[in-house]
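Report on one structure; see the data block that follows.
The values are calculated or read from the model by the stated rules, or taken from the named source; none is laboratory data. Note that the coordinates shown come from a computational prediction; the quantities given were computed from them, not determined experimentally. All Cβ positions, glycine included, derive from the backbone under ideal geometry; neighbour counts span all protein chains shown.
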Amino acid sequence: MDPRHPPAVPLAEYRSRVEALRARLAAMGVETLLVFSPENVCYLTGYETIGYASFQALVVRPEALLLFVREMERTVAETTTWLDDFATYADTDDPAAALLALLERRGWRHGRVAIELAAWFATPVLVDRLRAGLDEPVDGSGLVEEGRRVKSPAEVSLIRQA
């Protein structure tokens, strides 16, 4: 995160959001969640870009949080989020194949992997490729939104300030 541009949302609030999401995943027996919608990625990480129309994925695990973006978006990701784990893909790459390869390298492709199927980036082609490459894919739609529905005291304060 760029210290010259501190986030409006406190770091503790981001961490609280992620921990609540991890608890929902654990209750479902899900080991990995793939978040595609820009609004949900931003809600959990602070990532904001004018390149939101390009494929992006936030990989949520019990022990890790990784942002997967285009190579040219890496600097934006590093300066607008609180994360320290990033992976990129080239414009010439198939994003689904690159994401599956990343999950395999990290040992995250196996087990129950929830996919945010209702996200507008979850095209039929992308979903088909991911389902074919994962051991036990399940629908993870609405898991982030469940946390967004009830505002924390910090969020209420930010809304009042706005």
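Tabulated results
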quantity	calculated
Hits in the stretch 119-139 (condition: in contact with a helix residue (DSSP H, G or I) (Cβ under 7 Å, 6 or more places away or on another chain) and either in a helix (DSSP H, G or I) or closer than 20 Å to Y52 by Cβ (or both))	L126, R129, L130, G133
Tabulated pairs, the stretch 7-31, first touching a residue at least 12 places away in the same chain (Cβ under 8 Å) and on the phi > 0 side of the Ramachandran plot, second surrounded by 15 or more Cβ atoms within 10 Å (Cβ to Cβ) and not hydrophobic (A, V, I, L, M, F, W, C), C-beta under 8 angstrom, 6+ apart or interchain	G29/R112
Count of the stretch 37-71 residues which are free of Cβ contacts under 8 Å to residues at least 60 places away in the same chain and assigned to a loop (DSSP other than H, G, I, E, B)	13
Given (1) surrounded by fewer than 19 Cβ atoms within 10 Å (Cβ to Cβ); (2) on the phi < 0 side of the Ramachandran plot, index of the condition L44 fails	(1)
Selected residue [modelled with pLDDT of 95 or more, more than 13 Å from the chain's Cα centre (by Cα) and over 21 Å from P10 (Cβ atoms)] from G29, G51	G29
Candidates R105, R74, filtered to the one that is part of a helix (DSSP H, G or I), under 15 Å from the mean Cα position of the chain (by Cα) and of a type outside the set (F, W, Y)	R74
Residue match in the stretch 87-103 (condition: at pLDDT 95 or above, touching a helix residue (DSSP H, G or I) at 6+ places or on another chain (Cβ under 8 Å) and of a type in the set (S, T, N, Q))	yes
Counted residues, the stretch 140-162 - those being assigned to a loop (DSSP other than H, G, I, E, B) and either modelled with pLDDT under 95 or touching a Phe, Trp or Tyr at 6+ places or on another chain (Cβ under 7 Å) (or both)	4
All positions within the stretch 77-102 that are hydroxyl-bearing (S, T, Y), touching a residue at least 40 places away in the same chain (Cβ under 8 Å) and either part of a loop (DSSP other than H, G, I, E, B) or surrounded by fewer than 16 Cβ atoms within 10 Å (Cβ to Cβ) (or both)	T79, T81
Residue satisfying condition, being over 15 Å from L58 (Cβ atoms), in contact with a Lys or Arg (Cβ under 9 Å, 6 or more places away or on another chain), surrounded by fewer than 13 Cβ atoms within 10 Å (Cβ to Cβ) and free of Cβ contacts under 8 Å to residues at least 60 places away in the same chain, within set D135, D128	D135
